[in-house]
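Undergrad: Just passing along the structure, written as C-alpha cells.
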C-alpha cells in the first residue's frame, strides 16, 4: 500500500532517463544496444588486477573526502603536462563518484533561487534537473545546424545580471561536435568583467579525432580562474560502471564545491582510486584513446555509408549522429522505438536532449562497441 500524502514533486516534468528507457527496450526486444554510452568490451586486465591488489592490501575503508592524495597528485601532474596549468592537489582537485555527481555538486554549490544558468542545447540530460532542484532557471541557447556550433551572439544577448553560470560541453554529447580555440576566446570575451562561473563538462577530453586538439578550459588561465572542470575515468578507461570522476577548480570555488560534495557522497571508491592513480602513469593509454575510437568511428561510418541514413562524422566522443529524414517523417522518438522493436537496433532520439523536444530527425548511436557488434548493427541499418 502506498503512503497517502500530497507529495509535491521537485521535478514534476521529469521522468526516467532516456538511456534507461532505451536500454530496457533493447533488452526486452533483444535488440543491439547502441543507445546507452558504454563499451561492450572489457577494460584492461592490468587495471582490474591493480584494483584487486589494493583490495587485498586492505584499502577498503573510506578514502579522504577530497580523494586519495596519490590520485589527486597524478591528476595535477597530468593536467600540467597536457594543458600547462598547475592545480594544487590539496586545495583544487576533488575525486568524485563519477562525472554526473560532480556536475550536480557544482551546480548545487553555486546556483541559488532565481539564478539563471545558460544551457547549450542539445544538452546532456543531467544539467537541467540539477538547476531546477536548486531553484535556478535554465536559459536555453540552441546549437546551430548542421555543424552544431554555438551562436555566441545569441549567448551574449542571453546574459544579464541574473546569469550565475554557463555550462559548456566539449567534446559534445550527443552531437560529437567540439569547441575550437576561437570559440573559447569568444566565451572569454563574453564573461570578461562579470562574475559568471563556467562549468565545463570535459568527460570525453581524450576522445577527439582528425587532428583536432581538445580545448580544455585549463588551457586558458583567465577563464580557468572562474571555471569548474569535470572529467571522468569511466570514459577514459572503459569503466563506466566504476563511477569515478574528478573536478578541478581554483581554491575559492573548490572550497564551496567540497562543502556540498561531503554531504552528497562523502568519498569515492577507495581501491579504485589507488589503482587509477598508478595506472595514470601509463600516459600512452589515454593519449592514444582518440586513435582507438577514431578507428571505431570510421569502421561504423564506412559500414553505414550504403544506407539511407545521412551522416557527418563526429569530431569527438564515441557517439555518431545519423539523419533519417530521407527514410521517415515520423518523430525521432517514434522512429527510435520502431527501430528498436522492429529492426532490432536501439539508439537515442536527439530531441530528448532539447527542453522543447525540437526534432530534426536525428538519432544518436554509440560506437564504443566491438567490431562484431558494429557489423551486426550496420547490417540492420542498411536494410532500412
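We did not get these values from a lab; they are worked out from the coordinates using the rules stated. Since the model is a prediction, treat every value here as computed from it, not as a measurement. With ideal geometry, Cβ positions are generated from the backbone for all residues, glycine too; neighbour counts draw on all protein chains shown.
Undergrad: Quick check: is even one residue across segment 142-150 over 21 Å from the mean Cα position of the chain (by Cα) and either buried (at least 18 other Cβ atoms within 10 Å of the Cβ) or under 27 Å from residue 267 (Cβ atoms) (or both)?
TA: No, because not a single residue in segment 142-150 is over 21 Å from the mean Cα position of the chain (by Cα) and either buried (at least 18 other Cβ atoms within 10 Å of the Cβ) or under 27 Å from residue 267 (Cβ atoms) (or both).
Undergrad: Something else about it: Condition first: loosely packed, with under 15 Cβ neighbours inside 10 Å, in contact (Cβ under 8 Å) with a residue 24 or more places away in the chain and on the phi > 0 side of the Ramachandran plot. Can you find one or more residues in segment 33-52 that meet it?
TA: no
Undergrad: Being part of a helix (DSSP H, G or I) and in contact with a strand residue (DSSP E or B) (Cβ under 6 Å, 6 or more places away or on another chain): is that true of residue 74 here?
TA: no
Undergrad: Looking only at segment 210-244, count how many residues are touching a residue at least 40 places away in the same chain (Cβ under 8 Å), surrounded by 20 or more Cβ atoms within 10 Å (Cβ to Cβ) and either on the phi > 0 side of the Ramachandran plot or not in a helix (DSSP H, G or I) (or both).
TA: 11
Undergrad: Would you tally the residues in segment 126-139 being buried (at least 17 other Cβ atoms within 10 Å of the Cβ) and either in contact (Cβ under 8 Å) with a residue 40 or more places away in the chain or under 16 Å from residue 201 (Cα atoms) (or both)?
TA: 7
Undergrad: Okay, next question. I'd like the residue in segment 7-30 that is in a loop (DSSP other than H, G, I, E, B) and in contact (Cβ under 8 Å) with a residue 24 or more places away in the chain and, out of all such residues, is farthest from residue 350 (Cα to Cα).
TA: 10
Undergrad: Mind listing just one residue for me: the one in segment 188-197 that is in contact with a strand residue (DSSP E or B) (Cβ under 9 Å, 6 or more places away or on another chain) and surrounded by fewer than 22 Cβ atoms within 10 Å (Cβ to Cβ) and, of those, nearest to residue 232 (Cα to Cα)?
TA: Going through the qualifying residues, I end up with 196.
Undergrad: Read through the list (1) surrounded by 14 or more Cβ atoms within 10 Å (Cβ to Cβ); (2) within 30 Å of residue 162 (Cα to Cα); (3) under 21 Å from the mean Cα position of the chain (by Cα), then give the number of the only condition that residue 181 fails.
TA: (1)
Undergrad: Does residue 102 satisfy the condition of being closer than 19 Å to residue 168 by Cα, buried (at least 19 other Cβ atoms within 10 Å of the Cβ) and in contact with a strand residue (DSSP E or B) (Cβ under 6 Å, 6 or more places away or on another chain)?
TA: Yes, satisfied.
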